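Engineer: The structure is given below, and queries will be raised subsequently.
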Amino acid sequence: MNFNIFRAYDIRGVYPTDLDEDTYYRIAKAYTYLFKPTEVVVGMDARVSSPPLKKSLVAGFLDAGVNVVDIGEITTDMLYFAVGAYNYAGGIVVSASHNPKQYNGMKLVREKVTAISSDTGLFDIRDALKEGKDAEVTSTTKGKYETRDVLDDYLEHVLRFVDRGAIRKFTFVGNANFGYVCKPVKRLVEMLGLDLRPLNFEPDGSFPKGPPDPMLPENRGEVEALVRDSKAEFGVAWDADADRAMFFTETGEFISGAYITALLAKLLLEKYGPDNTIIFDPRVVWPTLEVVKALGGKPLISKGGHAFMKERMRKENGLFAGEMSGHYYFRDNFYADNGIVPFLLVLEHLSLTGRPFSEIIGQFTKGHFMSGELNYKVASVNDAITAVKEKFTEKGSVDLTDGYSLEGDNWRFNIRGSNTEPLLRLNIEAREKSLVDKIKNEIEAIIQPA
């Protein structure tokens, strides 16, 4: 086992060199050693390596005397739903999210969908494995194994977020990126009378078109083209485990998660009232900050990453949280992220307003310019950030919530190391397009990317 598979908020590595069946068996034992569950839920994404890895994970729990409920081929948010709705003691989904096909991993939660991150137990699992504590976990009684289909209950859950009677028949493009989100989406299309133009809707863990990440510009083209060619009213793309959703206007234009966060914050504050907290990550903040303040809500900037966001949502009893990466979290979804609820909220809002999606998003994009997330390979992420600090600190107000953020009079940027890849990430927002380019050029001259 390569112990570097333990990341800030999940486990990921290349199969079978970094992790294999024995890794999953041992992690089940270490999870049991630390958290002592009586019953856990397991599921998996569509990756080719997921079935044998899930089998080993199940075996580890059963040999430790823990009962296992196997919910099969799922999206990550279906695991969160199962743990929260049925009050199980914890759960693990075998998945490497949007990573390339050779990767696998897992996301782990405890009771009440409490995320297990580096700060709340993930590194404790790693350290227990290093010390061989998993070998101490034995049971005279083997755990019981059962399967459960949660799809019907899951669909009823997500539909509670909207007035399904208000949703009109829409033509939309949906890109499943070869993951299992095809299952709930197909059912919703039938239930709501929608007209789906599908892309990559047959599960295929070999991911024949490359990494199943809709954030990558090269992965957006087919959605953009099909939206235009089919005269669809919008497009939506999910990553392979479908805990993230990306949107496209009726013209095929990709919409940044920063603007979707602002839109969803607006819709939810209007639904539930201003006495609520809205949480968002520090990459791009102005659109959401302005709409939350205008509606009288409480804006709160928090460290990004799904485990950290869930923890902050729970601590603050947040109504909603959003990340530029396309993760969206809801209080009524056990404080966890969900890729279907944003889709339904957008459907409902487009139905009620009758306005084009581009016009609705225009209220957030007008007078706001941004770089999008820029990724750089540098010799040392920490040294690069330190160099930027030395040059910029006197030029604005500093925020260290996540990485290094600096705000000037008409511009702002956030620079941080990736939690999942060896990259430096930069996001810039400004009131003028020229300022975005100016700050970008200044920072690139400092960090000297490879």
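Engineer: Heavy-atom accessible area per residue, the stretch 326-450, 1.4 Å probe: how many Å²?
Structural biologist: In whole numbers, the stretch 326-450 has 44 Å² accessible per residue.
Engineer: Still on this model: Leaving out ligands, DNA and RNA, what percent of the accessible area of the stretch 198-245 is carbon and sulfur, probe 1.4 Å?
Structural biologist: On the stretch 198-245, the fraction of accessible area on carbon and sulfur atoms equals 54 percent.
Engineer: State the percentage of accessible surface on the stretch 75-162 attributable to carbon and sulfur atoms; use a 1.4 Å probe and exclude ligands, DNA and RNA.
Structural biologist: Exposed carbon and sulfur together represent 41 percent of the surface.
Engineer: Can you give the percent of C-alpha pairs in the chain whose distance is more than 34 Å? Intermediate results must be reported in sequence, preceding the final value.
Structural biologist: Working: 32089 of 101025 pairs.
In whole percent, the share of Cα-Cα pairs in the chain beyond 34 Å is 32.
Engineer: What are the ³J(HN,Hα) values, in whole Hz, obtained from phi via the Karplus relation 6.51 cos²θ - 1.76 cosθ + 1.60 with θ = phi - 60°, for each residue of the stretch 287-295 in sequence order, with x given for Gly and Pro?
Structural biologist: x, 6, 4, 5, 6, 5, 5, 5, 8
Engineer: Could you tell me which of rounded, prolate or oblate describes the stretch 1-144, using a ≥ b ≥ c as the square roots of the eigenvalues of the alpha-carbon gyration tensor, with rounded for a/c under 1.5 and, failing that, prolate when a/b is larger than b/c and oblate otherwise?
Structural biologist: Because its axes are fairly even, with a/c under 1.5, the stretch 1-144 counts as rounded.
Engineer: Heavy atoms of the protein only, probe of 1.4 Å, neighbouring chains included. What is the accessible area of residue 186 in Å², nearest 10?
Structural biologist: 90
Engineer: Another question about this same structure. When only alpha-carbon atoms count, how far does the stretch 268-407 stretch along each of its three principal axes, as whole angstroms with the largest first?
Structural biologist: Sorted largest first, the three principal extents are 49, 34, 29 Å.
Engineer: If you don't mind, another one. Taking the Cβ of residue 400 as the centre, find all other residues whose Cβ is under 11 Å away and add up their charges (Lys, Arg: +1; Asp, Glu: -1).
Structural biologist: Counting the neighbours of residue 400, the net charge comes to +1.
Engineer: Using the Cα centre of the chain as the reference point, and only Cβ charges (+1 on K/R, -1 on D/E), how large is the resulting charge dipole? Debye, rounded to the nearest 20.
Structural biologist: For this selection, approximately 380 debye.
Engineer: Can you tell me the accessible area per residue over the stretch 97-250, all protein chains present, probe 1.4 angstrom, in square angstrom?
Structural biologist: Ligands and nucleic acids excluded, the figure is 44 Å² per residue.
Engineer: Near residue 395, which lysines are there with a Cα under 30 Å away, not counting those fewer than 8 places off in the same chain?
Structural biologist: Within reach: 293, 298, 303, 366, 377, 433, 438, 440.
Engineer: Per the Cauchy relation, a quarter of the hull surface: what is the mean projected area of the convex hull of the alpha carbons in the stretch 1-66, in nm²?
Structural biologist: 4.5
Engineer: Need the C-alpha centroid separation for the stretch 314-355 versus the stretch 229-300, integer Å.
Structural biologist: 8
Engineer: Related question: Put +1 on the Cβ of each Lys and Arg and -1 on the Cβ of each Asp and Glu in the chain; which of 103, 158, 363 then has its Cα farthest toward the positive end of the dipole?
Structural biologist: The Cα lying farthest towards the positive end belongs to 363.
Engineer: Using the charge dipole of the chain (Lys, Arg: +1 at Cβ; Asp, Glu: -1 at Cβ; taken about the Cα centre), state which of 403, 273, 216 has its Cα farthest towards the positive end.
Structural biologist: Result: 273, furthest along the dipole toward the positive end.
Engineer: Compute the Cα gyration tensor for the stretch 129-219, then decide on rounded, prolate or oblate, letting a ≥ b ≥ c be the square roots of its eigenvalues: rounded whenever a/c is under 1.5, prolate when a/b is larger than b/c in the other cases, and oblate in all that remain.
Structural biologist: Verdict is oblate for the stretch 129-219.
Engineer: Near the amide H of residue 41, under 5 Å away, which other amide H atoms are found, from residues 5 or more places off or on another chain, if H is placed in the peptide plane?
Structural biologist: Here the answer is 69, 90, 91, 92, since their amide H atoms fall under 5 Å of that of residue 41.
Engineer: Still on this structure, please answer the following. Compute the accessible area per residue over the stretch 1-75, keeping the other protein chains in place, probe 1.4 Å, unit Å².
Structural biologist: Heavy-atom SASA per residue in the stretch 1-75 reads 33 Å².
Engineer: Here's something else I'd like to know. How many percent of the accessible area of the stretch 4-72 is carbon or sulfur, using a 1.4 Å probe?
Structural biologist: Answer for the stretch 4-72: carbon and sulfur cover 52 percent of the accessible area.
Engineer: Under the classification rounded if a/c is under 1.5, otherwise prolate if a/b is larger than b/c and oblate if not, where does the stretch 66-124 fall, given a ≥ b ≥ c as square roots of the Cα gyration tensor eigenvalues? Could you put the intermediate results ahead of the total?
Structural biologist: Values: a/c = 1.96, a/b = 1.21, b/c = 1.62.
Oblate shape, in that a/c is at least 1.5 and b/c is the bigger or equal ratio.
Engineer: Using +1 at the Cβ of each Lys and Arg and -1 at the Cβ of each Asp and Glu in the chain, identify which of 79, 417, 335 lies farthest towards the dipole's positive end.
Structural biologist: Toward the positive end, the furthest listed residue is 335.
Engineer: How large is ³J(HN,Hα), in whole Hz, for each residue of the stretch 71-88 in order, when computed from phi with the Karplus curve 6.51 cos²θ - 1.76 cosθ + 1.60 and θ = phi - 60°, using x for Gly and Pro?
Structural biologist: Computed from phi, the couplings for the stretch 71-88 are 9, x, 7, 9, 8, 4, 5, 5, 5, 4, 4, 4, 4, x, 6, 9, 6, 6 Hz.
Engineer: Can you run phi through the Karplus equation (6.51, -1.76, 1.60; θ = phi - 60°) for the stretch 366-374 and list ³J(HN,Hα) in whole Hz, with x for Gly and Pro?
Structural biologist: Once rounded to whole Hz, the list reads 4, x, 10, 10, 8, 7, x, 7, 9.
Engineer: Related question: State, to one decimal in nm², a quarter of the convex hull surface area for the C-alpha atoms of the stretch 90-158, i.e. the direction-averaged projected area.
Structural biologist: For the Cα atoms of the stretch 90-158, the hull's average projected area reads 7.5 nm².
Engineer: Nearest 20 debye, what's the magnitude of the dipole of the stretch 1-97 about its Cα centre given +1 on Lys and Arg Cβ and -1 on Asp and Glu Cβ? Intermediate values should be presented prior to the final figure.
Structural biologist: Numbers: 8 positive and 11 negative charges, 39 e Å.
Dipole of the stretch 1-97, to the nearest 20 debye: 180 debye.
The values are calculated or read from the model by the stated rules, or taken from the named source; none is laboratory data. Everything numeric here is computed off the predicted structure, so don't read it as measured data. Note that each Cβ is placed from the backbone with ideal geometry, even for glycine, and that neighbours are counted across all protein chains shown. Please note that ligands, DNA and RNA were not included when accessible areas were found on the heavy atoms of the full protein model with its side chains. Shrake-Rupley method; radii C 1.70, N 1.55, O 1.52, S 1.80 Å.
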